[in-house]
Amino acid sequence: MDIQHLTPNEKDLFIKTLAECYRRLKAAKIEAKELTKDGFQLMFRSVYKDINNMT
């Protein structure tokens, strides 16, 4: 994803999604580097859907 081409609202959603991903990892006492790329992408998509449905 090229964040430079996102609208301000899309950038805000992206940042909120990343923050929530890292909050969940911290709550689970897991570091992002412990996940595979696919694992992190799956989590990101799930969190994105959750946040996007709330707005």
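Just a few scattered comments:
- Check on Leu13, among the hydrophobic types (A, V, I, L, M, F, W, C) and without any contact (Cβ under 8 Å) to a residue 24 or more places away in the chain: no
- For the stretch 27-55, filtering for residues that are over 22 Å from Glu10 (Cβ atoms), outside any helix (DSSP H, G or I) and open to solvent by 70 Å² or more (accessible area, probe 1.4 Å) leaves 3.
- Residue match in the stretch 3-26 (condition: part of a loop (DSSP other than H, G, I, E, B), open to solvent by less than 90 Å² (accessible area, probe 1.4 Å) and at pLDDT 95 or above): no
The values are calculated or read from the model by the stated rules, or taken from the named source; none is laboratory data. Here the structure is a predicted model, which is why all the values come from computation and not from measurement. Note that we place each Cβ from the backbone using ideal geometry, even for glycine, and neighbour counts take in every protein chain shown. Ligands, DNA and RNA are excluded from the accessible area calculation, which covers all protein heavy atoms including side chains. Shrake-Rupley method; radii C 1.70, N 1.55, O 1.52, S 1.80 Å.
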